[in-house]
1. Find all pairs meeting these conditions: Cβ atoms under 9 angstrom apart; at least six residues apart or on different chains; first residue within the stretch 35-55 and of a type in the set (S, T, N, Q); second residue loosely packed, with under 15 Cβ neighbours inside 10 Å.
2. Can you name the residue in the stretch 31-50 that is among the hydroxyl-bearing types (Ser, Thr, Tyr) and under 12 Å from residue 76 (Cα atoms) and, of all such residues, is surrounded by the most Cβ atoms within 10 Å (Cβ to Cβ)?
3. Filter the stretch 16-29 down to the residues that are within 25 Å of residue 69 (Cβ to Cβ) and out of contact with any strand residue (DSSP E or B) (no Cβ under 6 Å at 6 or more places or on another chain), then identify the one that is surrounded by the fewest Cβ atoms within 10 Å (Cβ to Cβ).
4. Whether any residue in the stretch 29-43 is among the small types (Gly, Ala, Ser), modelled with pLDDT under 85 and part of a loop (DSSP other than H, G, I, E, B) is what I want to check.
5. What is the residue count in the stretch 51-80 for residues that are buried (at least 16 other Cβ atoms within 10 Å of the Cβ) and not in a helix (DSSP H, G or I)?
6. How many residues are of a type outside the set (Val, Ile, Thr) and assigned to a loop (DSSP other than H, G, I, E, B) if we restrict to the stretch 1-28?
7. Which condition does residue 48 not pass, out of (1) of a type in the set (Ser, Thr, Tyr); (2) under 11 Å from the mean Cα position of the chain (by Cα); (3) farther than 17 Å from residue 5 by Cβ, if it passes all the others?
Amino acid sequence: MTGEFVDAVDVSDICDDIDEVAIFDDEPGRYRARAFVEDDATGMMDETLVDLTDYPAVVAVCRRAFDVQDRVIFKPLPVWTPDDVEDATGV
């Protein structure tokens, strides 16, 4: 995904599946929230593709904590897969 980093919120104390939610400026006036988990081996944050709307407490905390006035989208971008490409199982 693209976009410039804007702000992040640590949600590890309210969610076992997500450690941090960051927002990125997709385009002027529209922000997209993305979830991250900490890699225990490296200590680095890795993006995880989850639908944040499945975590209403996380969304509520983020809406209050993010320092932006414009719309924040919590649903993930749709994943596009060409019809003529086989999946990893070869089926």
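The values are calculated or read from the model by the stated rules, or taken from the named source; none is laboratory data. Predicted, not measured: the structure shown is a model, and the values here were computed from it. Positions of Cβ are backbone-derived with ideal geometry, glycine not excepted, and every protein chain shown enters the neighbour counts.
1. The qualifying pairs are 48/17; 53/75.
2. Looking at the filtered set, the residue picked out is 31.
3. Selected residue: 28.
4. Yes.
5. 5
6. Residues in the stretch 1-28 being of a type outside the set (Val, Ile, Thr) and assigned to a loop (DSSP other than H, G, I, E, B): 9 in total.
7. That leaves (3) as the condition not met.
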